[in-house]
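*Asks:* For reference, the structure I am asking about is given below.
Nothing in this text is a laboratory measurement; each read-out follows from the coordinates by a stated rule. This structure is a prediction, so every number in the text was calculated from the model and none was measured. Cβ placement follows ideal geometry from the backbone for every residue including glycine, while neighbour counts extend to all protein chains displayed.
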């Protein structure tokens, strides 16, 4: 079993969000800020930002060698504000892996 | 004289032509207008319980064993609640979310969504029926001979039509409710892996599952070599360029992980094969050849985006019970070959070869399920401890229930010996069925995990 925590951050801000579903290889599997328990090594992570589109970046991760106590943490940057976002108050600045800005081709791949 | 010979030749040519024209009913191509399968929700069930069952192969012995296990589950009353908090009284059998079956076990798995409201009827049409005798009679009927002489139509096709009409009420996959999910496992001969009769697998063939008869899938799943020939499916559509195929994330990541994960390698290879439409025909034989218990389905559902894994990450509606029942109708027979100097005949060697591989594979997969349960339970316990990460998705989870119903676990020597003497065929006499019923009753009564489950259900009423 591999362990992952996904956080979502509004692009160009330090605003972290919650209550968003996590997409693992394109399929909904858990929500952000929870420890997710996964099986495979290499996966692609995103968050679902509204019902119609997936505006967040896709981040490819290798989860080998994670433990429950030391899960991999990833922050997925989100392009624009949506009604479904619920900003989190008083959260520390994200100091973990922040995804590279993905190219258009990678989006919706 | 010459005229008679000429007439005979004409007759033979005519028969030959008729035979050449006899094709079985194949799977249909995928059309955009075809309705999706399983749209009708049958029952309101507890979504905090995830209940998966697997039914092994073993002819009528397996069919009967699975049937009596479900009958026992029906005796366990189960109360659940709708989203509006209205109470719904069901039996534990109604809570089955996924049924995986192989060969004889595929008949029980497929019967669940069809006969759940009239389970006794399945005993009459399936378990007690002399399927073997009926099929032999059909083979002897002269009007079936032109079909059987065709290179495209086999006795397995004859069996499939019989199963479709007489056992599965001519139901297709599109007629089934979406609960429980059905997984009929056959063996994809060209690749040596399970072909599972799901919408997903049919889409690999650009084919429509909803119009495909359940009886045909059960026939493929139980087409044991020598006795039966494989059932053929057509691979429709156009070969996609690699760049397009890689847009499918499962294929993309299967390729990426294929060097370090055998399952990913096998999946990638299979998708490549099916995408190549010059491979126009897919031949499926008995599901037991690639694992006789159907447990592979449990492992697949435990993978990242499988049903089990998604429920383990569902913090909005945390899972309370994960129940897995593995019904294995395998027998242990005394081997007589070591008492003779002469080496076993080829058919015996073939049976040894197939059954040994099947048993080892099944046991290894069961061990992996046990390991996953153990690993999960460790995570749950540490999540609940004083230094926990506060995992809400696992906050309610009881220790997962793995209930193995296997005749080798019968401690009563007499009953176990009687069970092990049961043949693998598609007909058993009343007294033989009675041995299976008694064995199931014994195994379920003495199963500590099943007792623990019943206790939990009773306490939480």
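*Asks:* What is chain B's relative contact order, in percent, from Cα pairs under 8 angstrom and six or more apart in sequence? Present the calculation step by step, with values, prior to reporting the outcome.
*Replies:* Numbers: 809 pairs, mean separation 98.0, N = 461.
Relative contact order here is 21 percent.
*Asks:* Can you give me the distance in nm between label points at residue B:392 and residue B:413, each placed 7 Å from the Cα along the Cα-to-Cβ direction?
*Replies:* 5.8 nm
*Asks:* Another one. Assuming 0.36 nm per residue, please report the length gained on full extension of the stretch residue B:169 to residue B:421 beyond their Cα-Cα distance. Walk me through the numbers on the way to the answer.
*Replies:* On the way: separation 252, 0.36 × 252 = 90.72 nm, distance 3.23 nm.
Residue separation times 0.36 nm, minus the Cα-Cα distance, leaves 87.5 nm.
*Asks:* Based on the inverse mean of 1/r over its pairs of different Cα atoms, what is the Kirkwood hydrodynamic radius of the protein assembly as shown, in Å? Kindly include the intermediate steps, with their values, before the conclusion.
*Replies:* On the way: mean 1/r = 0.0386 Å⁻¹.
Every distinct Cα pair counted, the radius reaches 25.9 Å.
*Asks:* Once you have the Kirkwood Rh of chain B from its Cα pairs, apply Stokes-Einstein at 37 °C and 0.692 mPa s and quote D in µm²/s.
*Replies:* Working: Rh = 23.8 Å.
Stokes-Einstein gives a translational diffusion coefficient of 138 µm²/s.
*Asks:* Let me ask something additional. Once the piece of chain linking residue B:118 and residue B:149 is laid out straight, how much longer is it, given 0.36 nm per residue of separation minus the C-alpha distance between them? The partial results should precede the final answer.
*Replies:* Numbers: separation 31, 0.36 × 31 = 11.16 nm, distance 3.89 nm.
7.3 nm is the gain from fully extending residue B:118 to residue B:149.
*Asks:* In degrees between 0 and 90, to the nearest 10, how far off the longest principal axis of chain B does helix B:59-74 point, with axes built from Cα atoms?
*Replies:* With rounding to tens, the tilt is 30 degrees.
*Asks:* Now a separate question. On the Cα set of the stretch B:276-356, report Rg and Dmax in Å, please.
*Replies:* Here Rg and the maximum Cα pair distance are 20.6, 66 Å.
*Asks:* Please work out the C-alpha center-to-center distance from the stretch B:328-382 to the stretch B:391-417 and express it in whole Å.
*Replies:* The distance from the Cα centre of the stretch B:328-382 to that of the stretch B:391-417 comes to 18 Å.
*Asks:* Using only Cα atoms and rounding to the nearest 10 degrees, what angle (0 to 90) does helix B:131-140 make with the longest principal axis of chain B?
*Replies:* So the inclination is approximately 20 degrees.
*Asks:* How many nm separate the modelled label positions at residue B:125 and residue B:86, each set 7 Å beyond the Cα in the direction of the Cβ?
*Replies:* Simple spin-label model gives 3.0 nm for this pair.
*Asks:* Label points 7 Å out from Cα along the Cβ direction at residue B:2 and residue B:278: separation in nm?
*Replies:* Here the answer is 5.0 nm between the modelled labels.
*Asks:* Turning to a different aspect of this structure: Relative to the first principal axis of the alpha-carbon coordinates of chain B, what is the inclination of helix B:2-21, with its axis defined by its Cα atoms, in degrees from 0 to 90 and to the nearest 10?
*Replies:* 20 degrees
*Asks:* Now a separate question. Where the centre of each part is set by its Cα atoms, how far does the stretch B:124-178 sit from the stretch A:1-80, in angstrom?
*Replies:* Each part reduced to its Cα centre gives a spacing of 50 Å.
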